[in-house]
Amino acid sequence: MAAPDTRPAAPAHRPERPAPETGPNGPDTGGPHRPRVCAADLLAFTERILTAHGLPAERARPAAEALCYGDLCGHPSHGTANLTRIYLPALAEGRMDPHAEPVTRTDHGASVLVDARRAPGLWHAGTAVDTAVERAQRHGVGLVSVRGATHFGCAGHHAARAAERGTIGIVAANCGRQRIAPPPGGLAPLLGTNPLSVAAPAVPGYPFVLDMSTTAAPTGRVREAARAGRDVPAGWLADSGGAPVTDAAAFDRGEAHLQWLGAGADTHSGGAYKGFGLGLAVEVLAALLPGAGLGPGDRGAAGDDGGDDAGAGRRDDDIGFLAAAVAPDRLREGFGADARALFSAVLSCPPADGDRPVRYPGWHEAELARRRRSDGVPLPEPLLRELDAVADAAGTAPPAVIGGR
């Protein structure tokens, strides 16, 4: 699936100027000076690379779409920067099996349990959502519970797949046995970022897509800041004593851990329990339910000291995720019209700042994707050099920079 396609039926609320940044966790608009590549060229390049590393053609295309979604929609921490950081190493090490066939372990019609058997998550998460939608269209609700999964990129990309078919989509995932964030008041990391996404039809072409980590920020955003030499906002990271840390590089040095959503700069405010509670809820629904790897499990294994990603405490193997869909038209008539009215009311809310009109989650991403399909996708020069090296190793052409470099 591609990023939300906004070309047909654009709403009347589109601003004349480009959509602004929406905050530290909002879409990255890329800035005016980054080199740009054609969106279709970036997608074709990513598909060629995944094929060269063993993915069958019928899997490489949807996997490439899932990965490029991050760059297209303003979430580069989950885009092609992860080719060399996550996906190619996982394929090379055998932690991801490009040919694995997921196996259905239990099927009760509306609910299904699947063992992904290390299949590429970028591809398999989409098929799980498709199954959930198909079951929802039959039973009103559909739930696919998955264990043995691998990293699947932006949860919002997959949840939006359900919204495109008129259903409400829910996607939640744990991070396997990865442990990077301690509970409030605790010293030992127990859970990963545990993302959660909910998507639904809204204004035509602009679906509602909530896509969030339950920590204050995903690890990719922290590493993105570290690569760029930028500090992160107070409230994202804290040291072992709970003091805020703004040096992004401290995370991978093992000198800081992620904070939970709601913690803020005051780590003793109690707000962290909201994010931690959501993180635990995701662990229950996405991992405990299917029997996937649990963050708090296997305590005392090597790597629990927060070392590099090769340590057991940093492994995101045996991920569990939930893909659920609700078919509102099976319950009542009029949902679509009511959804349009609801989200149109949000768009019509008088803004406090006339230059920053009110929008809902997913609107900015869809608008940004629309523009980037037309104007190109901005990529930082270091990433372009990385993709050049990947292309050279695979014997293929890298994505061409619009206007040259």
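Under a Cβ-only charge scheme (Lys and Arg +1, Asp and Glu -1), can you give me the dipole magnitude of the stretch 52-155 about the Cα centre, in debye to the nearest 20?
Computed about the Cα centre, the dipole is about 180 debye.
From the backbone phi of the stretch 359-364, what are the Karplus-calculated ³J(HN,Hα) couplings (6.51 cos²θ - 1.76 cosθ + 1.60, θ = phi - 60°) in whole Hz, Gly and Pro given as x?
9, 10, x, x, 5, 4
Can you tell which of Phe335, Pro62, Gly404 lies farthest toward the positive end of the dipole of the chain, using +1 and -1 charges on the Cβ of basic and acidic side chains (Lys, Arg; Asp, Glu)?
Phe335
If you put +1 on each Lys and Arg Cβ and -1 on each Asp and Glu Cβ, how big is the dipole of the stretch 101-180 around its Cα centre, in Debye rounded to 20?
With Lys and Arg at +1 and Asp and Glu at -1, about 280 debye.
Ranked highest first by the average count of other Cβ atoms within 10 Å around their residues, in what order do 156-169, 209-222, 182-195 fall?
Highest mean packing first, the order is 156-169, 209-222, 182-195.
Can you give the charge dipole size of the chain about its Cα centre, rounded to the nearest 20 debye, using +1 on the beta carbon of Lys and Arg and -1 on the beta carbon of Asp and Glu?
About 660 debye.
Per DSSP helix of 4 or more residues, -39500 (n - 2.57); summed, then divided by the residues of the chain. What does that give at 222 nm, rounded to the nearest 500?
-9500 deg cm²/dmol
Report the one residue of Gln259, Pro182, Ser197 whose Cα lies farthest in the direction of the positive end of the charge dipole of the chain (charges on C-beta: Lys and Arg +1, Asp and Glu -1; origin at the Cα centre).
The one lying farthest along the dipole's positive direction is Ser197.
Collect residues whose amide H, placed 1.01 Å from N in the peptide plane, falls under 5 Å from the amide H of Gly362; neighbours closer than 5 in sequence don't count.
Val209
Taking amide H positions as placed 1.01 Å from N in the peptide plane, with prolines and chain starts having none, which residues 5 or more places from Ser111, or on another chain, fall under 5 Å of its amide H?
Under 5 Å from the amide H of Ser111: Leu143.
Identify, among Thr219, Ala391, Leu122, the residue whose Cα sits farthest towards the positive end of the charge dipole of the stretch 36-394, taking +1 on the Cβ of Lys and Arg and -1 on the Cβ of Asp and Glu, with the dipole about the Cα centre.
Value computed over the given set: Leu122.
No value in this document is a laboratory result; all are computed from the given coordinates. Model, not experiment: these values are computed from the prediction. In this analysis, Cβ positions are derived from the backbone assuming ideal geometry, glycine residues included, and neighbour counts consider all displayed protein chains.
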